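Here is the structure we will look at, set down as structure tokens.
What follows draws every value from the coordinates through simple rules; no lab data is involved. What you see is a predicted model, and the numbers here were worked out from it, not measured in a lab. Neighbour counts are summed over all protein chains in view; Cβ atoms, including those assigned to glycine, are modelled from backbone coordinates with ideal geometry.
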Amino acid sequence: MSGEPQDDCLFCKIIAGQIPATVVRETETTFAFRDINPQAPTHVLVIPRAHHVDAAALAAAEPALAADVLREAGEIARAEKLDSYRIVFNTGAGAGQTVFHAHAHVLGGRGLQWPPG
Ligand code: 5GP
Ligand code: ZN
């Protein structure tokens, strides 16, 4: 069911503490940790504690929770002293989504090309 923890979801396991992660920030509704394969000096993943497959599904089901994720992305950028940064939601395998639990990538600390690859 949408929102419920999924046994086969890597990020639900990280939230549950079953898989270790370098935690950056936690709130009642969100969890943020460093990407295991960073693509920039700062590369943090912000996820809702509730399981939703992607950002659009999250926003459709729980708009306030989607806003929590975005607010946390901004707080992380501020804490990491990033003047400029990018928030990315890969959606669908063709766009590089590999974990089907909604997550914002917060990337910064180097020059970021536009358009992205
Ligand atoms: P996606 O490709 O779905 O947009 O993003 C998934 C991200 O999760 C990737 O950037 C990948 O490096 C990261 N990732 C995959 N497995 C783990 C893990 O076990 N721990 C952490 N911290 N990040 C992970
Ligand atoms: Zn999940």
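Values as computed for the structure displayed
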{"quantity": "Rh (Kirkwood; distinct C-alpha pairs) - the chain, Å", "calculated": "14.3"}
{"quantity": "Net length gained if the chain between Ile36 and Ala61 were fully extended (0.36 nm per residue, minus Cα distance)", "calculated": "6.2 nm"}
{"quantity": "Distance between modelled label sites at Ala79 and Arg110, nm, 7 Å Cα→Cβ extension", "calculated": "2.3"}
{"quantity": "Cut-off 15 Å, label 7 Å out along Cα→Cβ of Cys9, residues of region 27-71 by amide N", "calculated": "29-32, 46-63, 65-66, 69"}
{"quantity": "Nearest 10 degrees, 0 to 90: helix 63-79 Cα axis against the chain principal axis", "calculated": "40"}
{"quantity": "Test item: Cα-centred dipole of the chain, Lys/Arg +1 and Asp/Glu -1 on Cβ, debye", "calculated": "420"}
